[in-house]
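The values are calculated or read from the model by the stated rules, or taken from the named source; none is laboratory data. These figures come from a predicted structure and were not determined experimentally. Don't worry about glycine lacking a Cβ; one is built from the backbone with ideal geometry, like all the others, and counts go over all protein chains shown.
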Amino acid sequence: MGIDFKNLIKYWKELSEYDFETAKFMFKTKRYPYCLFMCHLSIEKLLKALIVKLKKRHAPYSHNLVNLAKETGLNFKEEDKMLLADLTEFNLEARYPEWQKEFYKKCSKIYTENYFNETKKLHQWLKKHL
């Protein structure tokens with residue numbers, strides 16, 4: 001029996017939606033580092049859904065959004081590529097203690113709001129391809 005791609009895509013998409021809603025909540029409650037971390041996760045999961053859909057195979061075990069985006073084969077704008085690179089860094093900075101302190105310092109409301117809004121646009125664009 002083969003892989004049920006339809007359900008696998010649905011799985012990644014639903015997780016992405018949940019993570020994006022969590023990012024919204026984290027922003028509203030001023031948990032800015034966690035908002036940015038959840039932005040990363042929501043995009044990661046949409047990219048994995050797209051890889052499954054477009055490549056008809058499991059998505060790789062990777063958190064690198066730039067590499068995942070390349071695997072989709074979609075044509076990303078340059079600013080989206082830069083956003084993906086930044087979001088990938090947030091994943092590392094939020095997870096590892098040696099980077100957390102500096103990461104938390106830079107996560108002001110304005111800084112976070114900018115990335116959250118850009119993530120929202122990218123999130124919507126990616127969903128159009130599902």
**OP:** Considering each residue of the range 99-112, count those that are closer than 14 Å to Asp86 by Cβ and either of a type outside the set (A, V, I, L, M, F, W, C) or in contact with a strand residue (DSSP E or B) (Cβ under 6 Å, 6 or more places away or on another chain) (or both), and give that number.
**Re:** 3
**OP:** Kindly check whether there is at least one residue in the range 45-55 that is surrounded by 18 or more Cβ atoms within 10 Å (Cβ to Cβ), within 17 Å of Leu92 (Cα to Cα) and at pLDDT 95 or above.
**Re:** yes
**OP:** List the number of the failed condition for Asn75; all other conditions in (1) within 28 Å of Ile110 (Cα to Cα); (2) surrounded by fewer than 17 Cβ atoms within 10 Å (Cβ to Cβ) hold.
**Re:** (1)
Original post:
When residues of the range 80-111 are filtered for being charged (D, E, K, R), surrounded by 11 or more Cβ atoms within 10 Å (Cβ to Cβ) and either modelled with pLDDT under 90 or in contact with an Asp or Glu (Cβ under 8 Å, 6 or more places away or on another chain) (or both), how many remain?
Top reply: 2
Original post:
Among the residues of the range 62-83, which ones are farther than 11 Å from Leu50 by Cα, hydrophobic (A, V, I, L, M, F, W, C) and touching a Leu at 6+ places or on another chain (Cβ under 9 Å)?
Top reply: Leu65, Val66, Phe76, Leu83
Original post:
Among Phe25, Phe5, Phe37, Phe20, which is the only one that is among the hydrophobic types (A, V, I, L, M, F, W, C), closer than 18 Å to Phe90 by Cβ and surrounded by fewer than 17 Cβ atoms within 10 Å (Cβ to Cβ)?
Top reply: Phe25
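Based on what the data block shows, is Lys128 under 24 Å from Lys28 (Cα atoms) and basic (Lys, Arg)? Quick ask: steps written out before the conclusion?
Working: under 24 Å from Lys28 (Cα atoms): no; basic (Lys, Arg): yes.
In short, no.
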Subject >> Scope the range 73-82; condition free of Cβ contacts under 8 Å to residues at least 40 places away in the same chain and either over 21 Å from Phe37 (Cα atoms) or among the aromatic types (Phe, Trp, Tyr) (or both); matching residues >> reply: Gly73, Asn75, Phe76, Lys77, Glu78
